[in-house]
Each structure stands twice: as structure tokens, then as C-alpha cells.
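Here's the structure we're looking at; comments come further down.
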Amino acid sequence: MTNEEECFGQLAKGDLSLNPAALGTYKGIVFVNPDKLPADDFTTWIANMDDETWPHSFTDGSMRYSGTMSYEMHCNWKIFYENAIDGYHLGYLHDNTLGKLYPDRNIWKPVGRNVVWYSTEREGEPQAKTVLSEQIAERSSVIALEGHENPTYPGVVMLFPLTIVSPSPWGMYISVLEPVSPEITNMRVYSWTPDGVSGGMMAEDTQPVRLIDLEGHPLESGNFQIEDMWIVEKIQRNIRSPYFKIGPLAKGDGAEGPITHFQDNLLEFVPL
């Protein structure tokens with residue numbers, strides 16, 4: 001330390017270290033909690049995820065990092081999270097990007113505080129890929145990871161409260177929500193694609209995607225993330241209205257049942 005003795009005397013440097021934090025690793029992903037003694041330790045938080053795990057690896061050379069994109073959403077992070085785990089809206093809002101995933105064609109399963117999503121469109125075991133995503137990949141000749149012809153792992157893993165892992169036969173996304181204010185949430189989406197794929201599925205972009213900057217209507221973007229931004233920003237505006245009321249939730253694990261699971265978890269962290 002510069003001019004330590006004359007300016008500070010004998011310092012107890014051990015008292016000036018960074019604040020301690022809790023750390024855990026799973027499937028090559030490092031998770032950090034700024035609370036050194038969180039309410040749930042890492043083993044409890046990750047719960048029984050091995051029962052619903054995915055086979056993707058960051059260390060075997062099968063995938064490479066292929067870029068990051070940022071989205072600036074004018075909504076509270078909880079509104080985005082609830083929309084993300086809502087199976088009811090999939091077949092209506094995303095019918096041209098993800099497919100007609102009505103409540104009887106998808107399912108969310110709770111895993112501790114977390115939830116995992118599967119497509120149940122096909123006969124047999126639930127899968128990570130939707131029928132439409134497979135058709136789009138075939139038409140565009142997207143390269144799939146070896147051994148992922150029958151991806152009976154989850155297609156979305158919502159790790160409460162701010163992390164989303166999206167494995168698929170064509171790579172993997174990890175999305176991190178960053179609450180900025182009560183009405184603004186940033187989301188950074190990191191992508192990995194099969195090694196040898198040129199260009200990658202996403203490109204580096206220093207400017208976040210914002211609805212205000214779009215030239216066309218969000219529902220014409222062909223991007224399900226932008227479709228979601230459009231609806232959650234509308235919800236955020238709606239809750240400001242003095243006439244806003246909470247309506248009934250669509251029942252079922254392929255509908256809005258997971259929202260109740262999320263809200264019950266959230267209430268455990270809200271002081272009464």
C-alpha cells in the first residue's frame with residue numbers, strides 16, 4: 001500500500017478484504033451468492049437437479065462460446081419470471097416461433113425452488129425440443145450436437161430467482177436477469193454452439209435490444225425473446241392502472257400452475 005506506514009500506521013489488512021460470499025459449481029457453471037450464509041446452501045438450492053440434468057459439457061470440446069446479447073426490458077424482474085414459467089401463453093404468443101405449445105403439450109416440473117420445462121408434444125418421454133424448433137432447424141440445416149437425437153432432458157431450467165439455462169440439441173443458452181429498478185430489468189443471454197459451427201447462433205452486441213428501437217412490430221420479429229418483451233412491458237403498464245385487478249390463474253403444470261410455486265417461494269423471502 002502506497003505510503004502505508006506514514007499515512008496509516010499498522011493496518012489490520014485482514015479486516016479490509018472483500019466481503020465473503022457463498023460459491024457453488026454445477027455442470028461447469030459457477031454460481032456466486034453475495035450472502036456468505038444464504039437461506040439455502042448450494043446443495044439445497046440446486047435440489048435434485050441431477051434427476052432432470054442435461055448432458056451438455058463445457059470441457060469436452062463439443063461446444064464453444066459463440067456470443068452474448070443483451071435485452072433491456074421495461075418491467076419488474078418478477079413479471080418477466082412469471083411470464084417465462086407460464087405454459088399457458090406459449091401456444092398463443094409464440095405459435096410462430098416455438099410452436100403451438102398449448103397447456104396439454106408442455107409441462108413444468110418443480111425441483112426444489114427451481115422449475116424445469118419439457119415439451120410433451122410427441123409420444124414417449126418429454127423432450128427439450130419442440131416440434132416447430134426441430135422443423136426450423138432441419139430447414140436451416142443447423143448442426144446438432146452428437147448424441148442429441150432424442151433429447152429427453154429439460155429445454156428450460158429456471159434457477160430461482162435470476163438464472164435461466166436453456167439446453168437444446170443445437171447448443172445452450174444461459175440467461176441472467178439483472179434487476180435495475182422496479183420497472184427495468186436487463187437480461188444478458190450467453191450462447192454456446194457446437195464446435196465447428198461458423199458464426200454462432202448469436203452475435204456480440206454492445207447495444208441492448210429495446211422495443212423502442214425496433215422497426216417493425218415485435219410479433220413480426222421472429223424472435224420469441226422480443227415477443228416476450230412486448231407482452232411483459234404491456235403487463236408492467238397495466239399494473240399501474242387504478243383498474244388493475246388480479247384474475248384467476250389457468251390451472252395445470254402446462255399452464256399457470258408454476259406461477260403459484262414461484263410466488264410461494266418468493267414470499268419466504270419477503271418480511272411480513
Legend entry - Above-threshold pairs, the threshold being 19 Å between Cα atoms, out of LYS100/LYS129; LYS129/LYS251; LYS78/LYS245; LYS36/LYS109; LYS109/LYS234: LYS129/LYS251; LYS36/LYS109; LYS109/LYS234
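With +1 on each Lys and Arg Cβ and -1 on each Asp and Glu Cβ, how big is the dipole of the range 124-272 about its Cα centre, in debye rounded to the nearest 20?
So the magnitude is around 540 debye.
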Legend entry - Full-extension gain in nm, ASN96 to PHE31, via 0.36 nm per residue minus C-alpha separation: 20.0 nm
Inset, instruction - Return the Cα extents of the range 41-160 along principal axes one, two and three, sorted largest first, each rounded to a whole Å. - result: 39, 37, 34
Legend entry - Residue among ILE46, GLY87, TRP77 farthest towards the positive dipole end of the chain, charges placed on Cβ: GLY87
Inset, instruction - Provide the packing ranking of 64-72, 135-143, i.e. peptides ordered by the mean count of other C-beta atoms within 10 Å per residue, highest first. - result: 64-72, 135-143
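Tell me, what are the semi-axes, in whole angstrom and largest first, of the equivalent ellipsoid of the chain as set by the roots of 5 times the Cα gyration tensor eigenvalues?
Values: eigenvalues 225, 125, 88 Å².
For the chain, the ellipsoid semi-axes come out as 34, 25, 21 Å.
Evaluate the charge dipole of the chain about its Cα centre and quote only its size in Debye, nearest 20, assuming +1 on the Cβ of each Lys and Arg and -1 on the Cβ of each Asp and Glu.
The dipole of the chain has a size of about 580 debye.
Readers should treat all values here as calculations from the given coordinates under stated rules, not as data from a laboratory. Note that this is a predicted model, so its numbers are computed, not measured. Neighbour counts are summed over all protein chains in view; Cβ atoms, including those assigned to glycine, are modelled from backbone coordinates with ideal geometry.
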